[in-house]
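Read through the structure below, which is laid out as structure tokens, and then see the notes.
The values are calculated or read from the model by the stated rules, or taken from the named source; none is laboratory data. Predicted model only: the values in this text are computed from it and were never measured. Using ideal geometry, Cβ is built from the backbone for each residue, glycine included, and neighbour counts are taken over all protein chains shown. These area figures cover heavy atoms from the full protein model, side chains too; ligands, DNA and RNA do not enter into them. Shrake-Rupley method; radii C 1.70, N 1.55, O 1.52, S 1.80 Å.
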Amino acid sequence: MALAVYVFYVRRKSARSDSQKKGEALSSEPNEEKMPEALSMPVDTEEKEADKVTYISDAKDVSDRELFERIHHLIVSDKLFLDPAFSREHVIKLALVNKNKVAKMFRQFAHTNFNGYVNALRLEYALALMHSQPEMPIKAVAYDAGFNSVRTFYRAFEKAYGKTPVEYKASLPVSIKKEVK
């Protein structure tokens, strides 16, 4: 929800500044029709200066990076990736951006497409489950990690780690298996 509010604020601010620039360009008189102070939102200039120092790229890339980081934080903190129905459309609705921009941000900042990103998060969660609950069946791990099918889980796991989930689970140290029992 906070992400949606932030994106709304940024778009509103951008639209307001664009319309002011157009108004100034069309007439030489200053625009006397201004928003009341109570409705205008404060801008933290110190944060903007910090952004300029932190990111070397231009302002458009900075906002895309910031938006991606916010999306990533929301997906991870709320564990949205564990929902098997979680899709790019959910991100589009959360971030209020079009599908092409979402695809571009994931390629640029996650270095993969959206499905690869979500599957990587699910696989990390599956590994953590295997370590914390080694007695848990592979099928339960797959579904708890957000995969729609065990076959998809096996395929993604083997591609990422070079062995099947059963082989990986068998290779876990005996101490982890005993700690849980």
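Any residue at all in region 87-97 that is part of a helix (DSSP H, G or I), in contact (Cβ under 8 Å) with a residue 12 or more places away in the chain and loosely packed, with under 14 Cβ neighbours inside 10 Å? No, there is no match, as no residue in region 87-97 is part of a helix (DSSP H, G or I), in contact (Cβ under 8 Å) with a residue 12 or more places away in the chain and loosely packed, with under 14 Cβ neighbours inside 10 Å.
Within region 111-120, identify whether any single residue is assigned to a helix (DSSP H, G or I), out of contact with any Phe, Trp or Tyr (no Cβ under 6 Å at 6 or more places or on another chain), open to solvent by less than 40 Å² (accessible area, probe 1.4 Å) and within 23 Å of R155 (Cα to Cα), and answer yes or no. Checking region 111-120: at least one residue is assigned to a helix (DSSP H, G or I), out of contact with any Phe, Trp or Tyr (no Cβ under 6 Å at 6 or more places or on another chain), open to solvent by less than 40 Å² (accessible area, probe 1.4 Å) and within 23 Å of R155 (Cα to Cα). Within region 119-146, being in contact with a Leu (Cβ under 9 Å, 6 or more places away or on another chain) and not basic (K, R) holds for L121, Y125, M130, H131, P134, M136, A140, V141, D144, A145, G146. Remark: pairs (first residue in region 135-157, open to solvent by 30 Å² or more (accessible area, probe 1.4 Å); second residue small (G, A, S) and part of a helix (DSSP H, G or I); Cβ separation under 6 Å; 6+ apart in sequence or on different chains) = V150/A142.
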